[in-house]
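Comments concern the structure below.
The values are calculated or read from the model by the stated rules, or taken from the named source; none is laboratory data. Everything numeric here is computed off the predicted structure, so don't read it as measured data. Cβ coordinates were reconstructed from backbone atoms using ideal geometry, including for glycine residues, and neighbour counts include every protein chain displayed.
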């Protein structure tokens with residue numbers, strides 16, 4: 001009972017005291033992304049989540065979708081903050097029946113291409129492993145070559161295509177590449 005309560009409290013904030021110490025004592029020893037922390041998303045985070053979402057996607061999720069995710073028992077909703085508690089990214093993952101699926105991962109454009117996507121995906125994989133998931137799945141636009149390169153470099157493999165999955169600005173549809181990572 002106490003262990004379960006401790007793990008629930010621990011799950012609210014992921015904190016690394018050693019990193020915090022080194023950042024203060026040896027400020028050049030860690031980069032900005034190394035110092036970022038994950039914590040569970042709350043309803044109070046939604047204004048900033050919606051802001052990041054609208055900057056990242058032409059067809060962003062609406063607020064009710066985020067409320068549904070926060071209320072779903074098998075969803076993990078995470079945010080990532082810098083050392084000044086500014087939220088710079090979020091991710092929503094569904095885990096059930098031995099599978100974790102990344103439903104939404106969005107990073108503030110000001111911090112892209114600095115390693116936060118990799119850090120977040122490592123966090124997702126570790127949480128999936130802790131929940132005894134065997135695989136992590138995601139979908140990505142074929143035009144998002146940077147994300148595809150990241151996922152492939154981490155060991156994700158293309159397993160299929162969802163035709164016409166994403167809306168495009170010209171009114172046509174873009175396929176979704178389905179990718180999977182096997183947890184060993």
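Go through region 158-175 residue by residue and tally those that are in contact with a strand residue (DSSP E or B) (Cβ under 6 Å, 6 or more places away or on another chain) and surrounded by fewer than 14 Cβ atoms within 10 Å (Cβ to Cβ). Break it down into steps so the answer makes sense when it comes.
The first filter runs over region 158-175 and keeps only residues in contact with a strand residue (DSSP E or B) (Cβ under 6 Å, 6 or more places away or on another chain), leaving 158-166, 168, 173-175.
So of that shortlist, the ones also surrounded by fewer than 14 Cβ atoms within 10 Å (Cβ to Cβ) come out as 159-164, 168, 173.
Total satisfying the criteria: 8.
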*asked:* Which of the numbered conditions does residue 74 fail, given that it passes all the others? Conditions: (1) more than 14 Å from the chain's Cα centre (by Cα); (2) under 27 Å from residue 45 (Cα atoms); (3) modelled with pLDDT of 95 or more.
replied: (3)
_Quick check on region 77-95: of everything there that is farther than 14 Å from residue 46 by Cα and modelled with pLDDT of 95 or more, which residue is nearest to the chain's Cα centre (by Cα)?_
93
*In region 161-184, which residues are outside any strand (DSSP E or B) and under 18 Å from residue 101 (Cβ atoms)?*
183
